[in-house]
Amino acid sequence: MAADTRVDVLRRLPLLARLLKSRAFQPALMLLTLFVFTLAILTGWFGTPAGSRNFGIVFVWIVWWALLIVILVPFFGRLWCMICPIPAPGEWLQRRGIIRRAPGKLRSLHRRWDRRLKNMWLQNFGFLTIATFSAIILTRPNISAWVLFGFIVLAIVLSLIFDNRVFCRYVCPVGGFIGLYAMMAPIELRARDCAACKAHRTKDCVTGSAAGYGCPWMVYPGNLQRNTYCGLCMECLKTCPKDNITIRVRPVGADLLVMKEHRLDEAYKAFIMLACALLYSVVLLGPWGWLKDAANMESLPAWAAYAAAFWGINLLVLPGMFGGVTIIARFAAKQTAPLRQLFIDYAYALVPLGLAAWIAFSLGFVFANGSYALSVISDPFGWGWNLFGTAELSWTPILPGAVNLLQMGVLTGGLLFGINVIHRVAAHHSPGRALHATLPFAGLLTTLTLVFLWLYLG
Amino acid sequence: MMKRERLARLLVLGIFVALPLALLGYQYGLRPLTAPHRVIDIVAAAPEAGGFQPDSIQVQTGETVTLRFSAPDVTHGIAIGPGLGIDIGSVEPGQVREITLTFDHAGTFTFYCNTWCSRDHWRMRGVLSVYDTDGSLPAPSRDPVIDQLVAEGVDIDAAHSGQTNHTEAVALVPSPERGAVLLPNLTVPHEVGNSQRRRTHTLAEAAALLQAANPTASEQDVIDAAAALWLPSPAPPADTARLYQQNCAACHGETGSGQSLSTITTASEPAAFADFSYMLHMRSDVLYAKIRRGGMGTDMPNFGTLFMPDETWALVDYLWGLTLAAE
């Protein structure tokens, strides 16, 4: 991807640059989301146990989720991480301030995060753990509120022990997949001139300056090539004395082909996300009541079997199938790269299909249940309030005829994009025989897409 | 910058402290305090999850109270009886329905669910005691119909399904319409024509008396004529059909077939009112007593605390309508 195809947004929109450099901008948005987040926890604890009438369930798992997976992540990458309220209290305690740039070091025990955990594995297992209980968490306000509260407490505790956003970078189960799918986004935060960063001695973006803190995400913007770990907090924009940081519009999915940064933990994140989208579709949207009962912990043995199958499919079955196809592709294309490397590189082709699957899955329930948002906004606790006169609005599916078409379009787009990524990875490893490697993977991706389509349209 | 910082800190304090205090303080403190009268919040959960909470409410005559029903789990229907005619309708999960009441006389009433909500739906009841201004609560009155049955030695719970000598009549299909046409040409004994007596005797007994008074009439003619006499006239009020559908149909079936989704959960098979052989030997006052007192060991709950006697008689008439209309 040639850099000259990318559009420097901040050069074109200096007012936006000014806004993003303001120290009050990010905290203002965080305060807003913190308000909503606190309300979600309060409604979960004290409101009606009926999920469809509880603000906490409707606004977190329908409104926020739809906003995140259908709009924020695909179009703006990690923008949510910029305004996420979960790390906010911990970060403000660490900084001893909300807006101001407090002088001196961050306030924490300054412990070092274990090197073995500097990857996505914790996030992978964290997400799988949450996902295993998701039928419960997503529908029971009280449990949902405790989970959200647990996140905020964990984020505070980690920020008191470790500097910067260790929680966001290495622990947050949501942050993990946002990072993965942010690679698809058509925007990026990058250095305008990497050479200038290299030559810059003080590296204010890392160490911080009077204008701002060193990167809380522990990223060096000077050689940033992917969106995965940049939380768009804009500290580097504030601290860079050379005005060398910008936001650019770029081709969709450009990060997927940054081969040298491909890693097994990220590849597994791609497997887990795709498998979870498939399993969620089967359990939550499928017609199999016994499966729903098992996921809902109607009986412990049934749930244990469900959980074992859930983890097995995520960690063994899908990666196993993909590994098998990698072997076939390697053999067919006569590729010489190590199998592990090929397995990892090709796994990034699951990112567009996985994101498409999540969008399609989310469209299915967001269009069906979105109207609950109107009633809970007037009666967030289910206490019989009617703040805006909408509490009595009945459940109305939105555009029921259009949902399947949208799902089909999104999944087809994800499939084609995924095959394109496969082809480009194959061309990298065996320029003359890219098609030989592409075909087996195209078969697997097409099969997976057909399964999704069958679940949604069948 | 410090001004903004202070403002931001105030906002954080507002979110973490003032927001919960304001919301919870209003709901649990200010709202009840500023209400013009007592507000009683009642959680209406399925019986397996605790039923009504609280399930016992005390008020005084002349006191105005607002009852706020909320459903945490499934849809419930809330009504209060007997004799109040209060049906506040469905309460969907997460919704609140309220009613403001002022009682002008003392008594014991029942708030109950009239929408099938769970296996133990019929257990979903609460007691509303309205005390007189002197603190007294009228004692429940005895039911003369049940007392009379007891005095007669009638076993309300005895099995009675078409097991008598009149089995041959069961094979006949009664036509009350045809019977109505025949009646003017038949001799109708006084006791058969007496509407009060019809409540204490069976249709089979009436048929036997008719047959004796009209020896040349065919068995079919006699059964049809007896059915015409048994068909309630005038028909029960429209509200009775609603009462049946809300309170009885979940077990006995919408058409009185005795078959429903809950049939498999009851201790014994629900009575089939549409079955003529069952009703042929059934006394109306026994039906009345079963409805009001419940059926021992059958899972048939008592409805005497929910319905007035005239509502119960109307239900009995409605059951006969199911029997004879079904045939």
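The values are calculated or read from the model by the stated rules, or taken from the named source; none is laboratory data. This is a predicted model, so every value here is computed, not measured. As a convention, Cβ positions derive from the backbone with ideal geometry for all residues, glycine included, and neighbour counts pool all protein chains shown.
One table, with the values for the structure above:
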item: Filtered residue count, region A:50-74, keeping only those that are surrounded by fewer than 24 Cβ atoms within 10 Å (Cβ to Cβ), more than 12 Å from chain B (Cβ to nearest Cβ) and hydrophobic (A, V, I, L, M, F, W, C); result: 13
item: The one condition in (1) touching a helix residue (DSSP H, G or I) at 6+ places or on another chain (Cβ under 9 Å); (2) at negative phi; (3) more than 14 Å from chain A (Cβ to nearest Cβ) that B:ASP73 fails to fulfil; result: (3)
item: Failed condition for A:PHE35, given (1) surrounded by fewer than 20 Cβ atoms within 10 Å (Cβ to Cβ); (2) within 14 Å of another protein chain (Cβ to nearest Cβ); (3) at pLDDT 95 or above; (4) farther than 19 Å from A:GLY150 by Cα; result: (4)
item: Selection status of B:SER268, over 15 Å from B:PRO232 (Cα atoms), in the same structural domain as B:SER175 (by TED's automatic domain parsing) and part of a loop (DSSP other than H, G, I, E, B); result: yes
item: Answer from B:ALA250, B:ALA217, B:ALA241, B:ALA235 - the residue that is in a loop (DSSP other than H, G, I, E, B), within 30 Å of B:LEU84 (Cβ to Cβ) and either of a type outside the set (S, T, N, Q) or in contact with a Cys (Cβ under 8 Å, 6 or more places away or on another chain) (or both); result: B:ALA235
item: Segments classed as helices (runs of 4 or more DSSP H), wholly inside region A:326-430, with at least 1 members that are more than 14 Å from chain B (Cβ to nearest Cβ) and surrounded by fewer than 21 Cβ atoms within 10 Å (Cβ to Cβ); result: A:339-347, A:350-369, A:400-429
item: Any hit, region A:342-364, residues being free of Cβ contacts under 8 Å to residues at least 40 places away in the same chain and at negative phi; result: no
item: Selected residue (only one of B:GLY85, B:GLY135 is in contact with a helix residue (DSSP H, G or I) (Cβ under 9 Å, 6 or more places away or on another chain), of a type outside the set (S, T, N, Q) and loosely packed, with under 15 Cβ neighbours inside 10 Å); result: B:GLY85
item: Residue in region B:29-39 that is out of contact with any Gly (no Cβ under 9 Å at 6 or more places or on another chain), within 12 Å of another protein chain (Cβ to nearest Cβ) and touching a residue at least 24 places away in the same chain (Cβ under 8 Å) present; result: yes
item: Answer from A:SER362, A:SER371 - the residue that is in the same structural domain as A:GLN335 (by TED's automatic domain parsing), touching a Ser or Thr at 6+ places or on another chain (Cβ under 7 Å) and polar (S, T, N, Q); result: A:SER371
item: Set A:GLY77, A:GLY47: member being surrounded by 20 or more Cβ atoms within 10 Å (Cβ to Cβ) and farther than 26 Å from A:ASP243 by Cβ; result: A:GLY47
item: Test set (1) over 28 Å from A:VAL410 (Cβ atoms); (2) under 17 Å from the mean Cα position of the chain (by Cα) - A:LYS334 fails condition number; result: (2)
item: In region B:99-120, residue nearest to B:TYR131 (Cα to Cα) [restricted to those that are at pLDDT 95 or above and within 14 Å of another protein chain (Cβ to nearest Cβ)]; result: B:THR100
item: Counted residues, region A:264-288 - those being closer than 16 Å to A:PHE177 by Cα and more than 17 Å from the chain's Cα centre (by Cα); result: 1
item: Which numbered condition B:PHE52 misses (of (1) free of Cβ contacts under 8 Å to residues at least 60 places away in the same chain; (2) more than 9 Å from every other protein chain (Cβ to nearest Cβ)); result: (1)
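Let's see how each residue does on (1) hydroxyl-bearing (Ser, Thr, Tyr); (2) surrounded by fewer than 23 Cβ atoms within 10 Å (Cβ to Cβ); (3) more than 21 Å from B:ASP157 (Cα to Cα):
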| site | (1), (2), (3) |
| --- | --- |
| B:TRP230 | no, no, yes |
| B:ILE264 | no, yes, no |
| B:MET279 | no, no, no |
| B:ASP285 | no, yes, no |
